[in-house]
Amino acid sequence: MTVTRKVLNWYARLSPSRGRVTPPYSHVVQIGDPRLRKVSEPVPPESIKTEQIQTIIKKLEVVVNRYGSLGMSAPQIGVNMRIFAMQLTALEIKTTSPVIVKSHGMTVVPYTVFINPSLKIVDYRKVSHAEGCESVRGFSAEVPRYKEVEISGLGPEGEPKSEKFKDWAARIAQHELDHLDGKLYTDIMDRKTLCCNCWEEVNLSQGKLAIPFTPE
Ligand SMILES: [Zn+2]
C-alpha cells in the first residue's frame, strides 16, 4: 500500500498540469483508464460537421502522426465516440523487413477515418501475429484476427463509405473497432506471448530504463 502511494506521489510530481487537461488529448491514454473499457457512443450523423466533432477528427490525425501509429480510436485520446483512424504509409513499409511485409501481408493504407463503423467478416480464417497498442505502450503479444473484413460507416464529412481490408490492414481495422467496444488486444491475446518490447535493453541498461508514454 505504502509503495503504491509512493509511486502515485512520484507520478503526481511529474504532471503539474494534473486536472487541467481536457480531451481530446494530444497524448494516448493508457490501459487502466476507464474510458478504454467503455462502449463508445455513436456520433449523430447531423453533428459530424460541427466544430466539436471536426476537432476530434483532426486531433486523431495529429496523434496518429505524432506517434507514427497504424491506427487510433477516439477513446484513446479520451473521447468515447465511435470514431477511428487507420494508416499504413509507404515509408513504414519501406523501413520494415521485406520478410515481415510479405508474411504479414502489409500494404499501403492511405489515412482513413471511419465514424460509426460496423464490421462484416469476409474471410473467417484467423491469422496470429504480434500486435501492439499505443494504450499498452511498450508491450506486444500474438493476437489472432480474421484474415479479411469489410468496414462500413461514415467518412469524416459524413459520407457513407465501405471498404474491404485484408491481412495486416484487416488486423488494424479489427483492433481499432474493438477499442470502440471497450476491448483491448490483451483480452484476446495468446497470454504466454505477452512481451515487454525492450526486455533486452532492460538488461543492457541494468534496469535503468523507462517506457516513454509519448514518442518524443
Ligand atoms: Zn490500440
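What follows draws every value from the coordinates through simple rules; no lab data is involved. Here the structure is a predicted model, which means the values were calculated and not measured. Virtual Cβ from ideal backbone geometry, glycine too; neighbours counted across all protein chains shown.
Note on K164 and C198: their simple-model spin labels are 4.2 nm apart, each label 7 Å out from Cα toward Cβ. With a simple spin-label model that places each label point 7 Å from the Cα along the Cα-to-Cβ direction, the separation between E51 and S26 comes to 1.9 nm. As a rough guide to protection, the peptides 28-38, 170-180, 146-156, 64-74 ranked by mean Cβ packing within 10 Å, highest first, stand as 170-180, 64-74, 146-156, 28-38.
Along the axis of the charge dipole computed for the stretch 24-204 (Cβ charges of +1 for Lys and Arg, -1 for Asp and Glu, origin at the Cα centre), the listed residues I77, H175, Y25 are led at the positive end by H175. For K208, a cut-off of 21 angstrom between C-alpha atoms picks up these lysines, skipping any fewer than 8 places away in its own chain: K6.
All other residues whose Cβ lies under 14 angstrom from that of V64 are scored, Lys and Arg at +1 and Asp and Glu at -1, for a net of -1.
Per-residue 3J(HN,Hα) values for the stretch 50-58, derived from phi via the Karplus relation 6.51 cos²θ - 1.76 cosθ + 1.60 with θ = phi - 60°, read 6, 4, 4, 6, 4, 5, 5, 4, 5 Hz in sequence order (x marks Gly and Pro). Comparing Cα centroids, the stretch 18-80 and the stretch 90-122 end up 21 angstrom apart. Projection of the Cα convex hull of the chain, averaged over all directions and equal to a quarter of that hull's surface, yields 13.7 nm².
Contact order normalised by length for the chain, with contacts defined as Cα pairs under 8 Å and 6 or more residues apart; what percent is it? Normalised by residue count, the contact order of the chain is 21 percent.
Straight-distance candidates among the lysines for linking to K166, with alpha-carbon spacing under 29 Å and chain neighbours fewer than 8 residues away dropped: K38, K58, K59, K94, K102, K120, K126, K147, K183, K192. Near the amide H of N197, within less than 5 Å, lie the amide hydrogens of F139, S140, all on another chain or at least 5 residues away, with H placed in the peptide plane.
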